[in-house]
Amino acid sequence: MKKKFKCDIDCANCAAKVEDAIKKLDGVNDAKVNFMMQKFTLDADDARFDEILKLAVETGRKIEPDFSVEV
């Protein structure tokens, strides 16, 4: 399943770091954090999508405390 969300992130470098960390999570097929558009796209296993989304947001906040996603 692939979904797009509005997100809030402060800089392009932070977005790249968050994106790389989320891509490494188990069950994530692909992830994109677009600083310019303030968009977060997550492609993950259908059966565990909500669980993976929650984990992805938590992972993003560990790297960039201001990272937030509107679900």
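A few remarks follow.
- Contact order for region 2-63, expressed relative to its length and based on alpha carbon pairs under 8 Å spaced 6+ residues apart, stands at 38 percent.
- The count of lysine pairs in the chain that are at least 8 places apart or cross chains, and whose C-alpha atoms lie under 12 Å apart, stands at 10.
- Listed residues Ala31, Ala21, Ala44, most fluctuating in the chain (Gaussian network, C-alpha, under 10 Å): Ala21
- Accessible surface of the chain, 1.4 Å probe, proportion on carbon and sulfur as whole %: 50
- Crossing angle, helix 49-63 versus the chain [Cα axis fit, 0-90 degrees, rounded to tens]: 30
- With Cα atoms, 0 to 90° folded angle of helix 12-23 axis to the chain main axis: 20
- Rounded to 0.05, the FRET efficiency of the Asp26 and Ile63 pair, given R0 = 22 Å and the Cβ-Cβ distance, is 0.80.
- When all protein chains stay in place and ligands, DNA and RNA are ignored, the 1.4 Å accessible-area order of Leu53, Leu25, largest first, is Leu25, Leu53.
The values are calculated or read from the model by the stated rules, or taken from the named source; none is laboratory data. Note that the structure is a prediction, hence the values are computed from the model and not measured. Because the Cβ atoms are built from the backbone with ideal geometry, glycine has one as well, and the counts that use them run over all protein chains shown. We work out accessible area using only protein heavy atoms, side chains counted, and drop any ligands, DNA or RNA first. Shrake-Rupley method; radii C 1.70, N 1.55, O 1.52, S 1.80 Å.
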